[in-house]
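The values are calculated or read from the model by the stated rules, or taken from the named source; none is laboratory data. Everything numeric in this text was worked out from a predicted model, so none of it was measured. Here the Cβ positions follow ideal geometry from the backbone for every residue, glycine too, while neighbour counts run over all protein chains shown. SASA here: full protein model, heavy atoms, side chains in, ligands and nucleic acids out. Shrake-Rupley method; radii C 1.70, N 1.55, O 1.52, S 1.80 Å.
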Amino acid sequence: DEPVVNTECRLTEFVGTTTLGDTIGLVIANVDPALHEAMGIDKKYRSIGIMGARTGAGPHIMAADEAVKATNTEVISIELPRDTKGGAGHGSLILFGAEDVSDAKRAVEVALNAVNEKFGDVYANDAGHIELQYTARASYACNKAFNAPLGKSFGLIVGAPAAIGVVIADTALKAANVEVLAYSSPSNGTSLSNESILAICGDSGAVRQAVLTAKEVGVKLLETMGGSAPSVTTPYI
Amino acid sequence: DEPVVNTECRLTEFVGTTTLGDTIGLVIANVDPALHEAMGIDKKYRSIGIMGARTGAGPHIMAADEAVKATNTEVISIELPRDTKGGAGHGSLILFGAEDVSDAKRAVEVALNAVNEKFGDVYANDAGHIELQYTARASYACNKAFNAPLGKSFGLIVGAPAAIGVVIADTALKAANVEVLAYSSPSNGTSLSNESILAICGDSGAVRQAVLTAKEVGVKLLETMGGSAPSVTTPYI
Amino acid sequence: DEPVVNTECRLTEFVGTTTLGDTIGLVIANVDPALHEAMGIDKKYRSIGIMGARTGAGPHIMAADEAVKATNTEVISIELPRDTKGGAGHGSLILFGAEDVSDAKRAVEVALNAVNEKFGDVYANDAGHIELQYTARASYACNKAFNAPLGKSFGLIVGAPAAIGVVIADTALKAANVEVLAYSSPSNGTSLSNESILAICGDSGAVRQAVLTAKEVGVKLLETMGGSAPSVTTPYI
């Protein structure tokens, strides 16, 4: 089914929602000074764009990466709640900063529109999920979340339960000559989620190859646990 | 439906339960010395009252606040597990200390009886929840949990997913002249829950106004995501 | 119903799965050097065995304890994600290290086969769970996870929601002369799970007595909340 996108709410703060991951996009034109200070936001950002989700963090970070590439905004913060309506992974709260409200709003719109694509290489069943992400040119969201070098190719390999993530991290690194940016596990670098996460960079062909080889092994293991694990939307890598 | 309250268990430690949030109230007349030490409880509290829940933290803290006002007990600790049976928020574990078991038991009884009311301004649907709390006179539970000044008016504004919480925190602060006590988000001040939480104090009329304005915006946004979001019980603010 | 055990996947990394807790067992014969370093594993372990689960930590740690007793392996790490498909407790990720892949694989096989038994004293209903574990002779997994003295009798008393865990920790300590190894609660020593956990050691008769007395009280309280709370498999203590 197509995710239901709702843009009918008339509040000025509302940008849009999608049922995919229970994602909502919002904007505040002039953040109240007391909140601005409590949130610790740089004074130059009068306006903030907000994208949050119950389910999904990788897809939303990659979508935010597209948004900062396309707009005059910066990524203020990326927070990963331990909430996926009972699933094994994260939810997300991503803030964009802008001097002008139209820029903040545009960033949220671009990000919301990109979420659908970035769920394309999330493969899920009742036992867990495998998530792959890939970009030929990382921008500020990937940099903030995973320390990805700007403008270089970047890839993400996620397995849940975490046991599968360990194996496909190994698979990815054996498949191509790429560099490890970060390896995260339930107690180290995740918000206690049941995932192992490998972030890699390098030559774009090698990164893509590593990600796709990990996918094949990961989906096979996940399907052994819980049966068919189709793409949540449509594969993009 | 009325929540089912069960008080039929004959164990001396049992005080009562309510299906609302899977809440249970218990008491230990003489805490075992080895446990007393392992828990790090002040020696003067021979007896402890215990209230715990799978779903709900704000309502339970506010209910505990009523209990310490009404009894000769103190709040020993408030812990917020990341458990709401798959929801976006917290569960809770609240301990009351007393020199006498009858005081500890009374505190738990008062708190259990207040939970129903304090769920009144929790509005929920499948996409998340909005929670508002308000008191004209904060006591020791609000003080312990949110640093609320004793005897002053206190309010709580919670939105889940956290993106909505950011917007209604802003709404609340613009609606009335109140003071920010704390702003929490998934990575800062929550137990990794998918909530943004604003705690405020000030003149009681202003606090109430801020809370009610935030409610209106929050429920509207939540209903845009997930349809009708009624009160869990009956609004009290 | 019997849990479904699947050993039909042909990937060399695959050892087996069980639907009990969504548990999977895997092995890597030669961990990729870059992953080896990113994971911070001792260089002497060329091979690792991996057991991970969505639901269950105590049963898996006890099962891993049997595995290290029976094989030439060591427990590298035990991580407890906050994931039980929406439940109150932990999932798990346990790594075994070995110089030889056949040892790593054997450890995972032994552990997977022991999981069924170790779920025997987990009693669950919709309101929460009570978990008891007992061994006459603790080994390296209990030592790593709970600081249990090697070769001594060890017991574990878990209650969820955490309120019940507090009471049955007290019950256990009053029932027999045992020593407290650790007391954990949502904010201290758990991964923010809604559990109170007491780890004890001492004379084996006393440990067993403490555990069984706690079980009786715990199951009674849990059943008061949520109705019948049967063993997940078959009691073993």
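Annotation: extensible slack from C:A29 through C:R10 equals 5.3 nm (criterion: 0.36 nm per residue apart, minus Cα-Cα distance). Position A:E117: other-copy label points at 5.4, 5.4 nm, ordered by increasing distance, label point 7 Å along Cα→C-beta.
Only Lys, Arg, Asp and Glu carry charge here, each on its Cβ (+1 for the first two, -1 for the last two); on that basis segment A:1-136 has a dipole of about 220 debye about its Cα centre.
The relative contact order of chain A comes to 18 percent, based on Cα pairs under 8 Å that sit 6 or more residues apart.
Spin-label pair A:N147-C:K174: with each label point 7 Å from Cα along the Cα-Cβ axis, the two points sit 5.2 nm from one another. For segment A:192-227, a drop of 40 Å² or more in accessible area on going from the chain alone to the assembled protein chains (1.4 Å probe) is found at A:L192, A:N194, A:L221, A:T224, A:M225. For chain C, the longest principal axis of the Cα atoms and the long axis of helix C:101-118 meet at an angle of about 20 degrees. Look at the alpha carbon pairs under 8 Å that are at least 6 residues apart: their mean separation over the length of segment C:157-197 gives a relative contact order of 52 percent. Axis between A and C by rotation; chain A residue with nearest Cβ and distance in whole Å recorded as A:G86, 2. The label point for C:T19 and the one for B:T19, both projected 7 Å from the Cα toward the Cβ, are 2.8 nm apart. For segment B:198-237, the Cα-based Rg and Dmax, in that order, read 11.9, 34 Å. Solvent-accessible area lost on pairing C with B (1.4 Å probe, both sides summed) amounts to about 2600 Å². What Kirkwood hydrodynamic radius, in Å, does chain B give when the mean of 1/r is taken over all pairs of distinct Cα atoms and then inverted? When all Cα pairs of chain B are included, the Kirkwood radius is 17.8 Å.
Heavy-atom surface analysis with a 1.4 Å probe gives the protein assembly as shown a carbon and sulfur content of 44 percent of its accessible area. For segment C:181-237 versus segment C:124-138, the spacing of their alpha-carbon centroids is 5 Å. Put simply, the convex hull of the Cα atoms in the protein assembly as shown casts, on average, a shadow of 28.0 nm². Can you tell me which of B:G25, B:G189, B:G89 moves the most in a GNM of chain B? Springs connect C-alpha atoms under 10 Å apart. Taking springs between Cα atoms under 10 Å, the residue moving most is B:G189.
The convex hull defined by the C-alpha atoms of segment A:63-120 has an orientation-averaged projected area of 4.2 nm². Between 0 and 90 degrees, the angle of helix B:204-226 with respect to the longest Cα principal axis of chain B falls at about 70 degrees.
Filter C:K118/C:K174; A:K43/B:K152; C:K85/C:K215 down to the pairs with a C-alpha to C-alpha distance above 29 Å, please. Where the Cα-Cα span goes over 29 Å, the pairs concerned are A:K43/B:K152.
With the charge dipole of chain A set up from +1 on Lys and Arg Cβ and -1 on Asp and Glu Cβ about the Cα centre, the Cα lying farthest toward the positive end among the listed residues A:C201, A:G155, A:A114 is that of A:C201. Between copies, the label points at A:E37 (set 7 angstrom from Cα along Cα-to-Cβ) are spaced 4.7, 4.7 nm, reported in nanometres from shortest to longest.
Given Cα pairs under 8 Å that are at least 6 residues apart, what percent is the relative contact order of segment C:149-237? The value is 35 percent. Taking the label point 7 Å along Cα→Cβ, A:K174 and its counterparts in the other copies are spaced 5.6, 5.6 nm apart, in ascending order. Over all directions, the projected convex hull of the C-alpha atoms in segment B:33-146 averages 7.3 nm² in area.
Per-residue mean of foreign Cβ neighbours for A:181-191 is 5 (Cβ atoms of other chains, 10 Å radius).
In plain terms, the bigger the Kirkwood radius, the slower the diffusion; for segment A:155-237, with that radius from Cα pairs, at 10 °C and 1.306 mPa s, Stokes-Einstein puts D at 124 µm²/s. Within the listed set C:G218, C:G227, C:G159, the Gaussian network model of chain C (springs between alpha-carbon atoms below 10 Å) gives the highest mean-square fluctuation for C:G227. Take the Cα of A:Y236, go 7 Å toward its beta carbon, and the backbone nitrogen atoms of segment A:68-102 under 17 Å from that spot belong to A:68-71, A:92, A:94. Remark: segment B:1-92 carries 38 Å² of accessible area per residue (probe radius 1.4 Å; ligands, DNA and RNA excluded). Label-to-label distance for B:S228 and C:S204 is 6.1 nm, based on points extended 7 Å past Cα in the beta-carbon direction.
Residues of segment B:20-42 whose accessible area (probe 1.4 Å, heavy atoms of protein chains only) drops by at least 10 Å² once all protein chains are present, relative to their chain alone: B:D22, B:I24, B:L26, B:I28, B:N30, B:D32, B:A34, B:L35, B:A38, B:M39. Largest first and in whole Å, the equivalent-ellipsoid semi-axes of segment C:89-217 read 25, 18, 14, each the square root of five times a Cα gyration tensor eigenvalue.
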